[in-house]
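Got a structure for you, written out below as structure tokens; questions coming shortly.
Derivation of every value follows stated rules applied to the coordinates shown; laboratory data play no part. Predicted model only: the values in this text are computed from it and were never measured. Methodologically, a virtual Cβ is constructed for each residue, glycine included, from the backbone with ideal geometry; neighbour enumeration extends over all protein chains shown.
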Amino acid sequence: MAKSSENELPHKCFGWAAKDSSGILSPFHFSRRENGPNDVAIKILFCGVCHSDVHSVKNDWGFTTYPVVPGHEIVGIVTKTGENVKKFKVGDRVGVGVIVESCKECDICQQDLECYCSKLVFTYNSPYYDGTRTQGGFSDFVVVHERFVLQFPDNLPLDAGAPLLCAGITVYSPMIYYGMTEPGKLMGVAGLGGLGHVAVKFAKAFGLKVTVISNSPNKESDAIERLGADSFILSTDTATLKAAIRTMDYIIDTIPSDHSLNSLLSLLKPNGKLITVGLLNKPLELTTFPLVMGRKLIGGSTLGGLKETQDMLDFCGKHSIVADIELIKIDQINTAIERIVNSDVKYRFVVDVANSLSTTS
Ligand SMILES: [Zn+2]
Ligand SMILES: [Zn+2]
């Protein structure tokens with residue numbers, strides 16, 4: 001099939017990249033692959049700042065290739081569609097999350113679980129099938145295969161909705177898969193950050209009771225008054241912890257740093273489920289007594305497939321769920337990263353890409 005000459009040219013892009021493990025971002029010119037027949041080109045309007053972006057730019061996980069343009073909570077407007085694209089048209093409001101490609105043929109992909117495909121390609125810092133490297137959403141536009149593009153609900157604001165593409169699906173998917181949605185059950189949300197605060201909103205929308213477990217006493221009023229949680233446990237308060245032993249049906253563990261699983265397990269009723277979604281560098285402490293004696297389950301989960309991610313966005317549209325955000329300009333990104341490291345954000349930074357990027361080129 002002949003391609004137009006326009007399509008054969010790599011697209012010139014502009015974004016902000018980290019150039020080394022200092023993790024400091026600065027302006028960066030690069031190119032993206034051409035818009036192929038199954039691809040959608042998207043003008044990026046907003047992009048959330050995820051804790052994974054911080055780990056990636058600082059090479060905390062040891063596999064960052066520089067320069068890297070982070071950002072995988074991307075929302076924008078379709079500007080071009082390839083000839084085979086069926087789901088989208090120019091002008092659509094769309095989102096792109098953490099992955100932009102998978103093999104599409106393996107058992108896992110056939111089950112719409114692309115996020116568990118062994119050949120998945122991340123939105124940035126990943127080798128693409130054509131030999132180029134992917135770059136993320138702190139940039140003017142992106143080119144993505146239509147399977148990995150999501151329709152954004154009309155009634156949701158794009159800026160506050162952006163974090164749903166990573167934080168949202170990361171907590172929604174385990175709730176569905178592990179059956180943590182039965183109305184009236186009690187779910188603990190451990191850690192009240194970008195992921196945890198969205199988990200509280202999902203849980204309330206499903207009709208659950210919610211207890212937030214956090215080591216920050218100043219999060220109690222937010223948990224209850226701002227986010228609608230039913231109760232709050234300060235994880236350093238042993239008396240309150242003791243009173244909550246065997247009260248919870250499920251716990252979703254979003255704590256991004258070292259912590260013990262034993263005290264969380266003790267909060268579960270028999271047959272309870274503790275699902276962890278954090279990616280920690282160190283092993284966590286776990287003794288088997290509370291696990292075995294209560295027939296409890298510990299599970300893990302990452303993201304969700306594209307079909308489930310669309311289901312999640314539609315659920316958010318129906319229940320008017322978005323993240324609580326601080327909107328920033330691209331030249332505030334380095335300060336934002338330091339504030340994320342210090343847990344000083346309520347509850348997600350989102351970069352106003354379209355309105356702030358061009359002034360820095
Ligand atoms: Zn993320
Ligand atoms: Zn696959």
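What FRET efficiency would be calculated for the residue pair SER221, ARG133, taking the C-beta separation as r and a Förster radius of 45 Å, to the nearest 0.05?
0.55
Still on this structure, I have one more. Assuming 0.36 nm per residue, please report the length gained on full extension of the stretch ASP112 to TYR178 beyond their Cα-Cα distance.
Taking ASP112 through TYR178 to full extension adds about 22.1 nm, to one decimal.
Here's something else I'd like to know. Could you give the length gained by full extension between VAL341 and ASP258, i.e. 0.36 nm per residue of separation minus their alpha carbon distance, to one decimal place?
Gain on stretching VAL341 to ASP258: 28.5 nm.
Continuing with this model, one more query. Where the centroid of each part is defined by its Cα atoms, how far is segment 257-302 from segment 110-133 in Å?
Between the Cα centres of segment 257-302 and segment 110-133 lies a distance of 29 Å.
Pulled fully out, how much extra length does the chain show between LYS43 and LEU286, if you take 0.36 nm times their separation in residues and subtract their Cα-Cα distance?
82.9 nm
In addition: According to a simple spin-label model (label point 7 Å from Cα along Cα-to-Cβ), what is the distance in nm between MET293 and HIS29?
Output for this residue pair reads 6.7 nm.
Can you tell me the order of 162-172, 272-282 when each peptide is scored by its average per-residue count of other Cβ atoms within 10 angstrom, highest first?
Ranking the peptides 162-172, 272-282 by packing returns 162-172, 272-282.
Can I ask one more? Please work out the ratio of the alpha-carbon Rg of the chain to 2.2 N^0.38 Å and round it to two decimals.
So the chain has a normalised radius of gyration of 1.00.
Specify which residue in the list TYR172, PRO290, PHE349 is farthest towards the positive end of the charge dipole of the chain, using unit charges on the beta carbon of Lys, Arg (+1) and Asp, Glu (-1), about the Cα centre.
After comparing all options, I get PRO290.
I'd like to know which of ASN155, ASN35, LEU195 lies farthest towards the positive end of the charge dipole of the chain, counting +1 on Cβ of Lys and Arg and -1 on Cβ of Asp and Glu.
Looking along the dipole axis, the top candidate is LEU195.
Hey, with R₀ at 30 Å, roughly what FRET efficiency would ASN155 and SER358 work out to, going by the Cβ-Cβ distance, to 0.05?
0.55
Using θ = phi - 60° and the Karplus form 6.51 cos²θ - 1.76 cosθ + 1.60, what ³J(HN,Hα) does each residue of segment 322-332 get, whole Hz, x for Gly and Pro?
These are the phi-based 3J(HN,Hα) values: 9, 7, 8, 10, 10, 7, 10, 8, 4, 7, 9 Hz.
Same structure, new question: Let me know the charge dipole size of the chain about its Cα centre in debye, to the nearest 20, where only the beta-carbon of Lys, Arg (+1) and Asp, Glu (-1) is charged.
520 debye
Also, quick follow-up: Pick out the long, greasy-scoring helices in the chain: whole DSSP H runs spanning 15 Å or more along their own axis by Cα, mean Kyte-Doolittle at least 0.5.
167-177, 194-205
Toward the positive end of the charge dipole of the chain, about the Cα centre and with charges on Cβ (Lys, Arg +1; Asp, Glu -1), which of ILE328, HIS259, SER22 goes farthest?
So the residue furthest toward the plus end is HIS259.
Ok, one more. Take every DSSP beta bridge whose two residues both sit in the chain, then give the antiparallel share in percent to the nearest 5.
The antiparallel proportion sits near 55 percent.
Right, here's the next one. Which pairs break 30 Å Cα to Cα here: LYS58/LYS119; LYS204/LYS269; LYS219/LYS242; LYS119/LYS282; LYS185/LYS329?
Violating the 30 Å limit, Cα to Cα: LYS185/LYS329.
Going highest first, how would you order 78-84, 331-337 by mean Cβ packing within 10 Å?
Listed from highest to lowest mean packing, they are 331-337, 78-84.
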